[in-house]
Amino acid sequence: MLFWFVFFLSRAMSVSDRKRRCVIYLSSLPGEILWSNHPLTANLLTFLDIRLSQVTFMYAVFEDGSRQYKVSEGDRVKVDFREAEVGARLEFSRVLLYAGGETVHIGRPTVEGARIVAEVVEHPTIKTYVQHFRRRKNYRRLRGHRQPYTKVQIRNILLAGQEAPPAESTNPKSQEANPK
């Protein structure tokens, strides 16, 4: 994995260095620097106190509708259209790969018991126009196609035996009893 940080240099550096944007490409291994445009990169990392060993990265690859999606918790993804209301929960059970921290589960063909819980956010559509034109022949054709999608937000990535937390209620008035 490759991570990068872009930041402006602090006041502790010289004025000419401060005007320049510093870019650092870091590996997932702590302390390994792949590339930087600043000569004092090692000093900058200790100055900023960046500890990659405390950061955990979790993602999964799942298959839906003959397409594969790499997602983390909180990501929004457009999948094939589903007849589901906004706010409904969907589960994707064809998880091909799970990576969380130090553990990596590779499915053969899928990871047993793993699933991804998502919530429907909206149903966007994209209108595509196809235009055919042949010059000097009076030939013009314009056709349109509207492809429906379902946009979902990934809530949880669960392994076998793990349960999803209960769904959050969007309407707080339905939980309260009327005090009349």
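Here, each number is a calculation from the coordinates, and none is a lab measurement. Not measured: the values here are computed from a predicted model. Cβ placement follows ideal geometry from the backbone for every residue including glycine, while neighbour counts extend to all protein chains displayed.
Yes or no: PRO148 touching a Ser or Thr at 6+ places or on another chain (Cβ under 6 Å) and either free of Cβ contacts under 8 Å to residues at least 12 places away in the same chain or not hydrophobic (A, V, I, L, M, F, W, C) (or both)?
So PRO148 passes the test.
Search region 102-121 for residues that are at negative phi and small (Gly, Ala, Ser) and pair each with any residue that is surrounded by fewer than 19 Cβ atoms within 10 Å (Cβ to Cβ) and in a loop (DSSP other than H, G, I, E, B) when their beta-carbon atoms are under 8 Å apart and the residues are at least 6 apart or on different chains.
ALA114/SER93; ALA114/GLY107; ALA114/LEU159; ALA114/ALA160
Of everything in region 87-102, what is over 13 Å from GLN162 (Cβ atoms) and surrounded by fewer than 16 Cβ atoms within 10 Å (Cβ to Cβ)? Give them in sequence order.
GLY87, ALA88, ARG89, SER93, GLY101, GLU102
Suppose we filter region 57-108 for residues that are in a loop (DSSP other than H, G, I, E, B) and under 15 Å from the mean Cα position of the chain (by Cα); how many remain? Spell out the reasoning first.
Taking region 57-108 and keeping what is in a loop (DSSP other than H, G, I, E, B), we get 57, 65-66, 72-75, 81-88, 93-94, 101-102, 107-108.
Then keep just the ones that are under 15 Å from the mean Cα position of the chain (by Cα); that gives 57, 72-75.
Here the count works out to 5.
Would you check which residues across region 103-124 are surrounded by fewer than 10 Cβ atoms within 10 Å (Cβ to Cβ) and among the polar types (S, T, N, Q) and list them?
Filtering region 103-124 down to residues surrounded by fewer than 10 Cβ atoms within 10 Å (Cβ to Cβ) leaves 103-104, 108-109.
THR103, the sole residue that qualifies.
Name the residue that is nearest to GLY100 (Cα to Cα), counting only residues in region 116-148 that are within 17 Å of the chain's Cα centre (by Cα) and of a type outside the set (Asp, Glu).
In this case the residue turns out to be ILE116.
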